[in-house]
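The structure under discussion appears below in the form of structure tokens.
The values are calculated or read from the model by the stated rules, or taken from the named source; none is laboratory data. Computed from a predicted structure; not experimentally measured. Note: ideal-geometry Cβ built from the backbone for every residue, glycine included; neighbour counts use all protein chains shown.
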Amino acid sequence: MADARFEDGAEGPLALRAETPEDLSVIAALVQDAVFTLADIAWEAKSHRLAFLVNRFRWEDKAKAEAEKRPYERVRALLVFSDVTRVASQGIDRNDRETVVSLLDLQWAEGTQGSGTLTLILAGDGAIAISVECLSIDLRDVTRPYRAVSGEAPRHKD
């Protein structure tokens, strides 16, 4: 069955750019509960970009899916950080490239002259800290949405 959202332009693939902390809060909300493996991370040294291929829950479609009584969806998306100067991680076994990691939040700590550190907060007390010259993040859906395997929206324990 064809996905009309990609054919008629009514609701095409998501493509966003964050250059301010306010923009970042939108992207952080959309990638909350995204999952990936370490094998899904690529470093482009020449262009100073760090890219993550994630499976993100389509939070922007949750209410509509509930109203239409259809399954929740996920989508593969690229999360790209530009102007990266350094990357550090904690609580992650970098040799285990196939373990699934869950992204809980993105946090920004401003440095000097527009630089700063983006921290990806991961489930299980892990984190990836990305030092950047300036805040520049792209989020772009790269596949058609697909039914969320669990059939449920992600939930967090209090």
Sole miss for LEU103 among (1) in contact with a helix residue (DSSP H, G or I) (Cβ under 8 Å, 6 or more places away or on another chain); (2) at pLDDT below 95 is condition (2)
Identify the residue in the range 126-146 that is part of a strand (DSSP E or B) and charged (D, E, K, R) and, among all such residues, is nearest to ARG49 (Cα to Cα). ASP138
The range 11-39, residues that are part of a helix (DSSP H, G or I), loosely packed, with under 15 Cβ neighbours inside 10 Å and either touching a strand residue (DSSP E or B) at 6+ places or on another chain (Cβ under 6 Å) or among the acidic types (Asp, Glu) (or both): PRO21, GLU22
Residues of the range 47-92 satisfying the condition of being charged (D, E, K, R) and either touching a Gly at 6+ places or on another chain (Cβ under 9 Å) or closer than 17 Å to VAL142 by Cα (or both): ARG56, ARG58, GLU60, ASP61, GLU73, ARG74, ARG76
Have a look at GLY151, GLY116 and point out the one that is touching a strand residue (DSSP E or B) at 6+ places or on another chain (Cβ under 9 Å) and either among the small types (Gly, Ala, Ser) or farther than 27 Å from GLU22 by Cβ (or both). GLY116
